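Following: one structure in structure tokens, then a few remarks.
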Amino acid sequence: MAQFMTTHKQRGYAIISMAKEPVNSFDTAMWQALHAAVQAVEADSSMQGVIIASGLKRDVFTAGNDLKELYAPLTSAQQYATFWEAQSRCLIGIHSSRLATLAAIRGACPAGGCAISLCCDSRLMTAGAGGAIGLNEVALGIPVPKYWAGVMVQVIGHAAAERLLLSGSMVPPERALQLGLVDELVTDKAQLLPRAEEFMQQTVKLPGGARAATKAGLRGDFDKAWLQYALDWEAGPKGFAGITNPSTVASVGAALQRLSKGGNKQQERSKL
């Protein structure tokens, strides 16, 4: 899946562009590819920041997880464990990165896409119709992963996060800005990346070591607990038992059926 990730290095920061048509759906290999791309930027001592953006033709950041990875009849305990570990290591890697991280969100950003953006330090999003962001798992009949919910709580506070999570809500850009789910809106989508670069150029002027140490102090304990929970529980037998629950199988199966009938527009809304 490395072919779906393109990294462009600028002075002090890099841009990782995700382009797996049609909606940047994330399977095991895609999570591994994004993780590897971020790690490669981190390994370059001249790099102090990274922008994660969509290179898709349509206005979608990423529609999140490929549902086939979560549909018990199409997977196995081992395959699911490998998938969940890859996903968790990628998200935790972004959340704990020494780099200044920024998500440049163009258009739809449900579920796993929202999780990626929440793990970044900053989020810029295009304004206007068609865009929406949120962890919408409950609306699809699947529990929101515990630490995904926890990151949302960190970003927008417990009460606001609980209202969104329990209702499976996706909110439009203007409401996302009000909630603090994104930091800034860009009216012209053609200006999203230039504005993200301008934002990052200012950010990387700050001392990187001080930023990284402060981030580690704020997030380190949370990230260690997240990784342990992901490996011991979510990727283990109890986690697999959750997706083999008949109600979960029925919910995911119904979502896959809708995707097969609804085409690409439905895919933007129904991934996890």
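The values are calculated or read from the model by the stated rules, or taken from the named source; none is laboratory data. Only a predicted model underlies this, so the values are computations on that prediction, with no experimental measurement involved. Glycine also receives a Cβ, built like all others from the backbone with ideal geometry; neighbour counts cover every protein chain displayed. When the accessible area is computed, the model is the full protein with side chains, heavy atoms only, and any ligands, DNA or RNA have been set aside. Shrake-Rupley method; radii C 1.70, N 1.55, O 1.52, S 1.80 Å.
Condition first: more than 24 Å from Ala241 (Cα to Cα) and surrounded by fewer than 22 Cβ atoms within 10 Å (Cβ to Cβ). Now tell me which residues in the range 57-83 satisfy that.
Those that are more than 24 Å from Ala241 (Cα to Cα) and surrounded by fewer than 22 Cβ atoms within 10 Å (Cβ to Cβ): Lys57, Arg58, Asp59.
Being in a loop (DSSP other than H, G, I, E, B) and in contact with a helix residue (DSSP H, G or I) (Cβ under 6 Å, 6 or more places away or on another chain) is the filter; apply it to the range 124-135 and report the residue that is most open to solvent (accessible area, probe 1.4 Å).
Looking at the filtered set, the residue picked out is Ala127.
Gln257: open to solvent by 60 Å² or more (accessible area, probe 1.4 Å) and within 30 Å of Arg58 (Cα to Cα), yes or no?
yes
Scanning the range 242-259 for residues that are among the small types (Gly, Ala, Ser) and touching a helix residue (DSSP H, G or I) at 6+ places or on another chain (Cβ under 9 Å), which turns out modelled with the lowest pLDDT?
Filtering first and then ranking leaves Ala255.
When you go through (1) surrounded by fewer than 24 Cβ atoms within 10 Å (Cβ to Cβ); (2) at pLDDT 95 or above one by one for Ala108, which number turns out not to apply?
Condition not satisfied by Ala108: (1).
Could you grab me the full set of residues in the range 17-31 that are surrounded by fewer than 21 Cβ atoms within 10 Å (Cβ to Cβ) and within 30 Å of Gln202 (Cα to Cα)?
Answer for the range 17-31, where residues must be surrounded by fewer than 21 Cβ atoms within 10 Å (Cβ to Cβ) and within 30 Å of Gln202 (Cα to Cα): Ser17, Ala19.
Take His8 and decide whether it is in contact with a Gly (Cβ under 6 Å, 6 or more places away or on another chain), modelled with pLDDT of 95 or more and either open to solvent by 50 Å² or more (accessible area, probe 1.4 Å) or over 18 Å from Glu197 (Cβ atoms) (or both).
Criteria not met by His8.
Between a residue in the range 18-47 that is under 11 Å from Asn65 (Cα atoms) and in contact (Cβ under 8 Å) with a residue 40 or more places away in the chain and any residue that is among the β-branched types (Val, Ile, Thr) and surrounded by 15 or more Cβ atoms within 10 Å (Cβ to Cβ), which pairs come within a Cβ distance under 9 Å, given they are 6 or more apart or on different chains?
So the pair list comes out as Val23/Val60; Val23/Thr62; Asn24/Val60; Asn24/Thr62; Ser25/Thr62; Phe26/Thr62; Phe26/Ile116; Thr28/Thr82.
What are the residues in the range 175-207 that are touching a residue at least 60 places away in the same chain (Cβ under 8 Å) and part of a helix (DSSP H, G or I), if any?
Residues satisfying the conditions are Lys189, Leu192, Leu193, Arg195, Ala196, Glu197, Phe199, Met200, Gln201, Thr203.
Pick out the one residue from Leu140, Leu179 that is in contact with a helix residue (DSSP H, G or I) (Cβ under 8 Å, 6 or more places away or on another chain) and modelled with pLDDT under 95.
Leu140
All but one of (1) aliphatic (A, V, I, L, M); (2) buried (at least 18 other Cβ atoms within 10 Å of the Cβ); (3) in contact with an Asp or Glu (Cβ under 9 Å, 6 or more places away or on another chain) hold for Ala139; which doesn't?
If we test Ala139 against (1) aliphatic (A, V, I, L, M); (2) buried (at least 18 other Cβ atoms within 10 Å of the Cβ); (3) in contact with an Asp or Glu (Cβ under 9 Å, 6 or more places away or on another chain), just (3) comes out false.
Check the range 153-174 and report whether any residue there is open to solvent by 20 Å² or more (accessible area, probe 1.4 Å), out of contact with any strand residue (DSSP E or B) (no Cβ under 9 Å at 6 or more places or on another chain) and touching a residue at least 60 places away in the same chain (Cβ under 8 Å).
Taking every residue of the range 153-174 in turn, at least one turns out to be open to solvent by 20 Å² or more (accessible area, probe 1.4 Å), out of contact with any strand residue (DSSP E or B) (no Cβ under 9 Å at 6 or more places or on another chain) and touching a residue at least 60 places away in the same chain (Cβ under 8 Å).
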